[in-house]
Amino acid sequence: MSQPVCGALVRQIGAPRLLAAGGLLVAALTALVPLAGSGVQLVLVMAAAGAAGAAAGSAPLLMGIVAQRAAPQARGFALGVVSAGGSLGQLAAAPLLAATIAAFGWQAAVFGLAASALLVVPLARTFRSGPAVGGDAHPREAGPVVTLRAAVANRNYWLVTAGFFVCGFHVSFLTTHMPGVIDLCGLPAGLSGAWLAVVGACNVVSSIGAGYLMQRAPMKTLLATVYALRALGVVAFIVLPKNEAVLFGFALWMGLTYMATLPPTTGLIAQLFGARNVATLFGVTTLVHQVGSFLGAWLGGVEVELTGGYAIVWWIDAALALGAAAAHLPIREAGRAPAAAPAALAPAAR
């Protein structure tokens with residue numbers, strides 16, 4: 001719920017202040033986690049820390065800032081690099097926190113995590129060196145301010161958002177329930193960590209690769225292809241025998257499509273509604289994504305409690321991915337920025 005609020009606040013107080021305040025709040029609230037005296041207190045502290053995280057560096061906020069400041073011909077790759085940064089942070093933090101827990105206990109690891117959030121404050125200052133949010137770095141591409149009411153009246157916005165809802169369902173189901181799936185397949189429980197590590201490493205490649213392809217193919221086509229590949233991977237995993245080779249092949253396939261939706265989804269919103277509106281509009285799209293995340297995690301838990309397996313949710317996941325692929329095809333994508341003409345042809349082109 002805090003994503004669209006932060007997207008609106010960035011227009012009012014600017015990115016540096018919002019990022020710095022978010023970093024300080026995340027650090028303070030994370031440090032309170034070991035001090036929680038009950039389950040209710042723990043949930044409240046973690047919920048508040050999650051809300052503050054939307055101001056400290058959520059995807060809508062950072063993607064919106066970068067989309068506005070990067071030139072159109074470099075925007076796709078820039079968004080891909082930002083998306084990859086999230087996966088790199090997770091890959092770096094997981095073994096470091098595990099080692100800290102083993103050596104000093106989980107409380108020390110949480111305090112260390114809180115201290116690391118303070119790094120956001122000096123990083124936020126770097127945004128002061130560029131044009132202000134809503135500034136005139138690329139005024140024509142930034143476009144006018146588009147209100148949320150105008151966006152929700154646009155069919156294209158809902159088609160993009162529907163696809164991102166499916167992304168949330170898919171990602172949350174896998175990250176929450178793959179350890180249980182691996183256990184039900186009779187495979188060693190230790191493979192769960194390796195499976196998630198492979199997915200995380202592939203996320204880095206897929207994010208940068210998606211950003212690269214955004215400059216060379218229509219973004220709606222790229223998104224439709226990614227969702228169709230997800231559906232194909234899920235169906236293949238359902239029907240193939242469950243062994244380690246299939247498990248890690250599935251991790252590789254899913255990892256290469258996992259975060260590949262984030263850069264083109266951001267880029268498509270920037271192209272349809274203007275770069276200056278990404279933080280606000282993508283914040284609402286991410287809210288819908290999180291609703292899908294809730295359903296993916298919750299329905300998986302409901303089914304495994306009722307039936308002892310995940311067969312129904314697997315097929316729901318595949319069907320939703322195909323639906324997301326189809327939803328992007330009718331989107332009317334705005335004209336793409338033309339490639340620079342060769343020097344010999346430039347006078348004639350003019």
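Quick one: if the Förster radius is 41 Å, what FRET efficiency do ALA217 and VAL40 give, using the C-beta to C-beta distance and rounding to 0.05?
Here the calculated transfer efficiency is 0.25.
Show me the ranking of peptides 56-68, 195-207 by mean Cβ neighbours inside 10 Å, starting with the highest.
Ranked by mean Cβ neighbours within 10 Å, highest first: 56-68, 195-207.
Based on the Cα atoms of the range 148-328, what semi-axes does the equivalent ellipsoid have, where each is the square root of 5 times one gyration tensor eigenvalue, given in whole Å with the largest first?
For the range 148-328, the semi-axes come out at 30, 18, 13 Å.
Taking the Cα atoms of the chain alone, what are Rg (to one decimal) and Dmax (as a whole number) in Å?
21.0, 74
So if each residue of separation counts as 0.36 nm, and I subtract the Cα-Cα distance between LEU123 and ALA102, what length gain in nm does that give?
Roughly 4.6 nm would be gained on extension.
Put a dot 7 Å past each Cα toward the Cβ at VAL291 and LEU148; how far apart are the dots in nm?
Here the answer is 1.3 nm between the modelled labels.
Given only helices, namely DSSP H runs of n ≥ 4 each adding -39500 (n - 2.57), what is the per-residue ellipticity at 222 nm of the chain, to the nearest 500 deg cm²/dmol?
Taking each H run of at least 4 residues, the total per residue is -26000 deg cm²/dmol.
Here, each number is a calculation from the coordinates, and none is a lab measurement. This structure is a prediction, so every number in the text was calculated from the model and none was measured. For neighbour counting, all protein chains shown are included, and Cβ atoms are generated from backbone atoms with ideal geometry for every residue, glycine included.
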